[in-house]
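Note sheet for the following structure.
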Amino acid sequence: MTTNSAPIRWGILGTGRIAHSLATDLMLVPDGQLVAVGSRSKESAETFAKVYDAHGPVRAHGSYEELAADEDVDVVYVASPHSHHLEHASLVLEAGKHVLCEKALTLNSADSQTMVDLAASKKLFLMEAMWMATNPIVRRLVADVRSGRFGVPRHVHAELGFVADPDKHQRLLDPALGASALLDMGIYPLTFAHLLFGEARALTAQANIGTGPDSAAGGTFDLDLVMTGKYAGNELSTMVASVTSYSSRSAAIATDQGRIELTDFHHPSSAVFKPANGDEPVEIVGDEPVIGAAYGNEIVEVQRCLREGLLESPLVPHSQTLSLMRQMDMIRESVGAKYASE
C-alpha cells in the first residue's frame with residue numbers, strides 16, 4: 001500500500017499515440033509523476049522523454065526489460081499492441097510493479113485470465129485501461145440510469161468507427177498485431193452497454209472480414225461489425241464498430257420517459273436527457289471534473305487504488321474485463337475472425 005503523500009511514479013511501456021495521450025494527461029494530475037519510458041529503441045524512448053521532461057526528469061530506456069527493472073517506478077502503463085499485452089504486462093508484473101494495461105487487455109479471455117491470475121499471485125494491482133468507465137459523466141449517467149431517474153431504459157445504441165489509413169494505422173489493419181474493429185472500437189459500445197445493464201445474456205453479430213497486408217502470414221479480422229445484445233431486464237443494445245467508415249461516435253439510451261444522448265460517448269464532455277413530454281432538457285453533469293481528455297480520471301483512479309492498497313478497481317473490476325473478453329471471444333468466433341498471432 002502506498003500510504004505516504006509522495007507522488008506515484010509512473011513508467012510508460014511504448015511510445016505510440018496512446019502513450020502520448022496518457023502522458024499528456026498525467027501532467028495534469030498533481031500527485032502523479034512520469035519518471036520513465038521504455039521502447040524497443042533508445043532513440044524512440046529519448047524522443048518521447050524530451051516531450052515531458054519539463055515536469056521533471058524522465059529516464060529513457062532502450063528496452064522494455066530495462067523499464068521493468070527500474071527501481072524508481074511504482075506502476076507501468078502498457079501501451080503496446082494487443083498482441084503483446086500479455087508478454088509485456090507479465091514482464092512488468094514479474095518485476096514487482098503494478099500495471100495499467102491498455103484495452104483490450106489481451107487478444108482473448110484465456111490470456112486475460114492468465115494476466116489476472118499472475119497479478120493476483122504477485123499481490124499487485126492490475127487494471128484494464130478502460131478510461132470510459134472512469135469518466136465522471138459516464139459514471140453519473142450510469143448511476144442515474146440505474147436509479148431510474150430518467151425512466152425505465154429499454155434500448156441503447158452506440159457506434160464508433162473511422163477509416164484506418166494503412167500508412168498511419170498499420171496496427172489496426174495487421175492481424176499479426178491483433179487488428180480488429182471489435183478489439184479497438186467494439187469494446188467501447190460493448191462496455192457501455194455492460195455498464196448500464198450488466199452482463200449480456202445473449203449477443204449476435206455480423207461482420208465484414210478482411211485479411212492483413214501479408215495474407216500468407218494467415219489471420220483474418222473484422223473490418224466492420226454490427227452487434228446486438230439482450231440483458232437481464234430485457235434491455236436491448238445495438239452496437240457498431242468499424243475501421244473502414246466514419247460513424248457518429250455517439251450513443252443514445254431510450255427510456256419510457258425520453259432519450260439520453262451523448263456525443264463522443266467513449267469520452268464525453270456532456271450528456272443530455274430529452275424528456276418525451278416536451279419539458280426542458282436535463283444536462284447530466286459529472287460529480288468531478290473531467291481531467292484533460294479524461295485519461296487523467298483513469299490515472300486518478302489507479303492512484304487512488306494504489307494508495308488504498310487495492311488490487312483491482314471497483315470501476316473496472318477484473319470480473320467485468322473478463323466477462324467482456326469472453327463476449328468478444330464468442331463474437332469473433334461467430335463471425336469467423338481469427339488472429340494470426342493466436
| Selected residue (criterion: surrounded by the fewest Cβ atoms within 10 Å (Cβ to Cβ)) from residues of the stretch 252-277 that are at pLDDT 95 or above and small (Gly, Ala, Ser) | 276
| said: Based on this model, can you work out whether residue 249 counts as crowded, with 18+ Cβ neighbours inside 10 Å, basic (Lys, Arg) and at pLDDT below 95? | reply: no
| said: Looking at (1) open to solvent by 20 Å² or more (accessible area, probe 1.4 Å); (2) under 23 Å from residue 231 (Cα atoms), which one does residue 209 not meet, given that it meets all the others? | reply: (2)
| field | Contacts under 7 angstrom Cβ, first residue in the stretch 166-182 being in a loop (DSSP other than H, G, I, E, B), partner of a type outside the set (Val, Ile, Thr) and at pLDDT below 75, 6 or more apart | value | 174/212; 174/213; 178/339; 178/341; 179/212
| message | Just to be sure before I move on: is residue 91 surrounded by 20 or more Cβ atoms within 10 Å (Cβ to Cβ) and either β-branched (Val, Ile, Thr) or out of contact with any strand residue (DSSP E or B) (no Cβ under 8 Å at 6 or more places or on another chain) (or both) in the structure I sent? | response | yes
| query | Which of the residues that make up the stretch 22-55 are open to solvent by 30 Å² or more (accessible area, probe 1.4 Å), under 24 Å from residue 171 (Cα atoms) and assigned to a helix (DSSP H, G or I)? | reply | 24, 42, 43, 44, 46, 47, 51
| message | Please go through the stretch 94-125 and give me each residue that is open to solvent by 20 Å² or more (accessible area, probe 1.4 Å), in contact with a Leu (Cβ under 8 Å, 6 or more places away or on another chain) and among the hydroxyl-bearing types (Ser, Thr, Tyr), ordered by number. | response | 109, 114
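The values are calculated or read from the model by the stated rules, or taken from the named source; none is laboratory data. Source: prediction; values computed, not measured. In this analysis, Cβ positions are derived from the backbone assuming ideal geometry, glycine residues included, and neighbour counts consider all displayed protein chains. Surface areas here come from the heavy atoms of the whole protein model, side chains and all, with no ligands, DNA or RNA. Shrake-Rupley method; radii C 1.70, N 1.55, O 1.52, S 1.80 Å.
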